[in-house]
Amino acid sequence: MLALFDPLRRITLVSTAFRLFLACLCGAAIGLERSAKNRPAGFRTHMLVCLGAAISTMTGIYMFTERHLLMDISRMGAQVITGLGFIGAGTIIVTKKNTVKGLTTAAGLWTCGIIGLAIGSGFYEGGILATAFVLFIETGFGFLGKFRRPPEFRILVHYEKKQALDQVMRFCKDNRIVINNLRIRSDAGAGSEDASLYSAEIALHPTKSVDRTLLLDRIVNMAGIDEAEEI
Amino acid sequence: MITLLHEFTLTTVLVRLLLAVASAGVIGMDRSYKKREAGLHTYMLISLGAAMTIMIGIYEYEMLLTQWADAVAVVGMKYDVSRFGAQVLSGIGFLGAGTIITVAHQQKAGLTTATGLFATACMGMAAGAGYVECVAIAFVLIFVVVAMMQPLETGFKRRLRNITMCVEYRSVEDLAVVTEAINRCGAQIFDIEVERAASKNEKKPASAIFTIQLAKSNPSHSDMLSTIAELPCVESVQELIA
């Protein structure tokens with residue numbers, strides 16, 4: 001550990017002020033990046049979380065080292081980790097498209113609180129290193145998260161006999177396309193008599209990128225398939 | 001080499017943090033690639049935080065033995081190094097609860113996200129403790145389970161005789177027709193749950209979720225779906241796979 005910080009390991013007025021300011025600073029640095037991305041929890045939220053967490057560990061240490069109360073100094077600080085889990089769960093929202101938003105914000109807030117705990121307990125090296133890591137993760141690593149696999153797509157296949165559908169399913173399997181969902185709809189009575197009887201909505205997930213028009217072309221040319229289209 | 005990491009110095013702190021972030025990053029990258037809710041950033045942040053909790057505990061313990069030893073001499077020693085780390089489990093549990101949502105037809109989504117985060121947080125704690133052996137093995141296992149086992153599980157479910165499907169139909173009597181058709185195939189019905197009751201005013205069809213076990217003689221899922229779809233009263237049928 002750095003000897004530079006040794007005078008600040010004990011609870012004194014100077015170290016108290018230093019810890020609180022450092023906690024605010026680290027919280028603000030992390031939060032500023034979130035604010036810049038216009039996320040729900042901005043730099044004020046992060047500062048408060050970091051500051052509060054720092055106070056909780058400091059109070060524990062103060063009661064033990066300065067007031068000589070027999071206690072476990074980590075008990076108070078430790079509860080912050082659970083508490084922030086709650087707050088984090090509250091920031092997660094479910095969108096209309098049934099996806100979850102705000103998980104990274106929740107994780108960032110949680111980690112920010114832990115950095116506050118480290119600073120509050122006088123573990124400045126860890127707190128500062130972790131802050132640097134968080135900033136690096138949030139700014140420098142963005143490109144690594146941008147690799148995305150080919151998207152899922154849905155096709156609508158009109159057919160008459162169920163053997164035709166089996167054929168399509170086998171075709172997808174042979175081409176290493178995962179069938180995520182299958183929904184068969186009966187079209188009887190909807191149009192004229194020679195209209196196709198059923199339509200199957202198939203959600204496909206290719207493991208590698210595929211030419212969709214070529215794929216549809218192959219499916220349409222199968223026996224018993226009347227029509228195939230992408231939705 | 002590994003025992004060098006057991007010391008608690010600035011270098012080992014850095015190495016432990018790097019270990020936590022890098023291992024979680026690889027798992028997170030796969031999650032990002034698959035466009036899951038929790039991606040690269042979330043995994044790295046949580047692993048980093050988890051590693052920090054363990055190190056805060058170790059740090060405070062070291063301080064109690066050195067800088068704060070005078071207070072210990074007066075009051076006595078009472079400290080639990082694991083307390084910070086222990087709270088990570090419930091903290092991430094709560095966070096994970098937020099990612100689990102109910103989607104259409106009473107299915108759940110986000111369970112793997114929640115449990116993946118949980119396992120990664122635990123791995124981060126091992127990294128924070130300098131338990132490199134565990135991190136190395138756990139990393140491989142978590143990666144294999146999270147990144148490679150999904151097709152295996154889905155494939156397994158498609159081969160099972162148990163199948164859950166959502167059937168849309170028009171009127172109340174149709175439910176009996178569908179039930180009869182399923183019975184005729186030799187399948188056994190475990191459960192029928194009406195999702196939306198039939199009503200004459202509404203344009204939306206009624207729907208029910210069937211949990212059935214297919215006959216041993218014909219365990220094909222698509223055959224069953226086609227048979228149900230062929231019934232004139234059925235609007236649509238869909239298999240539900242979690």
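Scan the stretch A:1-14 for residues that are in a helix (DSSP H, G or I) and within 36 Å of the chain's Cα centre (by Cα) and report the count. So that I can check it myself, show each step before the final result.
Residues of the stretch A:1-14 that are in a helix (DSSP H, G or I), as a first pass: A:3-8, A:13-14.
Subsequent filtering for residues that are within 36 Å of the chain's Cα centre (by Cα) retains A:5.
Looking only at that region, the number is 1.
Does the stretch B:170-189 hold any residues that are outside any helix (DSSP H, G or I) and under 17 Å from B:LEU225 (Cα atoms), and which are they?
B:CYS185, B:GLY186, B:ALA187, B:GLN188, B:ILE189
Out of (1) more than 10 Å from chain B (Cβ to nearest Cβ); (2) in contact with a strand residue (DSSP E or B) (Cβ under 6 Å, 6 or more places away or on another chain); (3) free of Cβ contacts under 8 Å to residues at least 12 places away in the same chain, the odd one out for A:ASN38 is which?
(2)
For the stretch A:1-24, give me each residue that is surrounded by 13 or more Cβ atoms within 10 Å (Cβ to Cβ) and touching a Leu at 6+ places or on another chain (Cβ under 7 Å).
The answer is A:MET1, A:SER15, A:PHE18, A:LEU20, A:ALA23, A:CYS24.
Say we look at the stretch A:60-100 and pick out the residues that are charged (D, E, K, R) and within 30 Å of B:LYS34 (Cα to Cα); which of these is nearest to the other protein chains (Cβ to nearest Cβ)?
A:LYS97
Look at the stretch A:138-187 and say how many of its residues are in a helix (DSSP H, G or I), more than 21 Å from A:THR213 (Cβ to Cβ) and in contact (Cβ under 8 Å) with a residue 60 or more places away in the chain.
Final tally of qualifying residues: 3.
When you go through B:VAL178, B:VAL172, B:VAL132 one by one, which is the residue that is at pLDDT 85 or above and away from every other protein chain (no Cβ under 14 Å)? Steps first, please.
Values: B:VAL178 fails: away from every other protein chain (no Cβ under 14 Å); B:VAL172 fails: at pLDDT 85 or above.
Step by step, each of B:VAL178, B:VAL172, B:VAL132 is checked, and only B:VAL132 is at pLDDT 85 or above and away from every other protein chain (no Cβ under 14 Å).
Inside the stretch B:19-42, can you point out the residues that are at the interface with chain A (Cβ under 8 Å from one of its Cβ atoms) and either touching a strand residue (DSSP E or B) at 6+ places or on another chain (Cβ under 7 Å) or in a helix (DSSP H, G or I) (or both)?
Once the filter is applied, which keeps residues that are at the interface with chain A (Cβ under 8 Å from one of its Cβ atoms) and either touching a strand residue (DSSP E or B) at 6+ places or on another chain (Cβ under 7 Å) or in a helix (DSSP H, G or I) (or both), the stretch B:19-42 yields B:VAL21, B:GLY25, B:GLY28, B:MET29, B:SER32, B:TYR33, B:GLU37, B:LEU40, B:HIS41, B:THR42.
Can you tell me which residue within the stretch B:211-242, out of those that are facing chain A (nearest Cβ under 9 Å) and of a type in the set (S, T, N, Q), is farthest from B:GLU168 (Cα to Cα)?
B:SER220
How about the stretch B:75-92: which of its residues are more than 7 Å from chain A (Cβ to nearest Cβ) and either acidic (Asp, Glu) or touching a residue at least 24 places away in the same chain (Cβ under 8 Å) (or both)?
Matches in the stretch B:75-92: B:VAL81, B:SER82, B:GLY85, B:LEU89.
Say whether the condition of being surrounded by 17 or more Cβ atoms within 10 Å (Cβ to Cβ) and among the charged types (D, E, K, R) is met by at least one residue in the stretch A:153-167.
The answer is yes, given that some residue of the stretch A:153-167 is surrounded by 17 or more Cβ atoms within 10 Å (Cβ to Cβ) and among the charged types (D, E, K, R).
Please name all residue pairs, on different chains or six or more residues apart, with Cβ atoms under 6 Å, provided the first residue is in the stretch A:117-135 and is more than 7 Å from chain B (Cβ to nearest Cβ) and the second residue is among the polar types (S, T, N, Q).
A:GLY120/A:THR57
From A:ILE114, A:ILE179, A:ILE137, A:ILE119, which residue is among the β-branched types (Val, Ile, Thr) and within 30 Å of A:GLU201 (Cα to Cα)?
Working: A:ILE114 fails: within 30 Å of A:GLU201 (Cα to Cα); A:ILE137 fails: within 30 Å of A:GLU201 (Cα to Cα); A:ILE119 fails: within 30 Å of A:GLU201 (Cα to Cα).
Going through A:ILE114, A:ILE179, A:ILE137, A:ILE119 in turn, just one is among the β-branched types (Val, Ile, Thr) and within 30 Å of A:GLU201 (Cα to Cα): A:ILE179.
Can you tell me which residues in the stretch B:24-75 are of a type in the set (S, T, N, Q) and modelled with pLDDT of 95 or more?
B:SER47, B:THR53
All but one of (1) of a type in the set (Gly, Ala, Ser); (2) closer than 30 Å to A:PRO7 by Cβ; (3) in contact (Cβ under 8 Å) with a residue 12 or more places away in the chain hold for B:ALA69, so report the exception by its number.
Result: B:ALA69 fails condition (3) only.
The values are calculated or read from the model by the stated rules, or taken from the named source; none is laboratory data. Given the structure is predicted, the values throughout are model-derived calculations rather than measurements. Quick reminder, even Gly has a Cβ in these numbers, built from the backbone with ideal geometry, and neighbours come from all protein chains shown.
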